[in-house]
Amino acid sequence: MTGHWQLTGMRLITLAALSAMVAGCTTWDNTPFYSNAPSSATSLATVSVPAGYYRANPGDTLSGIASAYGRKPQEIAAWNGLPVNAAIAPGQVLRVSPPLGSGSVVTPPVAVAPVAPGAGPNPPGAVPGAPAATSGPQQGVLQWPVRGPVLRTFAPGSSNGIVIGAHPGDPVKAAATGRVVYAGTGIEAYGPLIIIKHNDSLITAYGQNSQLLVKEGDAVAQGQTIGEVGVDSRGAASVQFEVRQNGQPVDPLAWLPKPGG
């Protein structure tokens, strides 16, 4: 979640840490919160892993990784010579696609576009209703996670997303159908964070929740409540919302309906 992701023929979803606070204000480092790099609380290397492999992050489990890639834990364990209940260490590189010559059938991507009527059932592991992979932003493909003023806009090299104002406890909703690939508190600058994969190229992230109402591996529908709005380090209730296409931060406003629309 052979599948497709950022590298040819494979989907790689890796969580890496960001820089902490600057001058007492919450800032978004321009380094991706997930990349093909080892996880570290203070630094990010740019060492890629081969197609068909995944570098584990803090909190990853064998079953969670298997779910994200549309696999069974037993398959991931067998391909890596591990017991099915093995603990996964941060930075550990795991094979997540069948070895050549294994005869294993490649499972389609975890989140793909819905099959057209009459075209047959959805492939195994697919999340019906997920937006189709696209080569560029499409206005209105995503839904606003909360309704409120945009307190901070996207600025390449300065911020990786937008900050949307809200009220504490307001529901945070999934911007599109997909599968949760991270739900936790491993990155201080983001607070309780949820990351959803929608298709082979599109991921959204929702930071500064007060509560997480989904867990890793959950399939979610567009508009489903996934968390509740929390407050940032300054006490402002808001959601940090990011969109990544092919691993790169893009302006969420290019994907969301125009305000008032």
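General remarks:
- Residue in segment 241-251 that is among the acidic types (Asp, Glu) and part of a loop (DSSP other than H, G, I, E, B) present: yes
- Test: residue in segment 203-211 that is surrounded by fewer than 24 Cβ atoms within 10 Å (Cβ to Cβ), assigned to a loop (DSSP other than H, G, I, E, B) and either touching a Phe, Trp or Tyr at 6+ places or on another chain (Cβ under 9 Å) or among the acidic types (Asp, Glu) (or both): no
- For beta carbons closer than 7 Å, sequence separation of 6+ or different chains, a first residue in segment 153-182 that is among the polar types (S, T, N, Q) and a second that is buried (at least 20 other Cβ atoms within 10 Å of the Cβ) and in a loop (DSSP other than H, G, I, E, B), the qualifying pairs are Ser159/Trp28; Asn160/Trp28; Thr177/Val127; Thr177/Ala130; Thr177/His198.
- Test for Ala205: is it more than 22 Å from Ala254 (Cβ to Cβ) and within 18 Å of the chain's Cα centre (by Cα): no
A short reminder: the numbers here are calculations on the coordinates, not readings from a lab. As the structure is a prediction and not an experimental result, all values here were calculated from the model. Because the Cβ atoms are built from the backbone with ideal geometry, glycine has one as well, and the counts that use them run over all protein chains shown.
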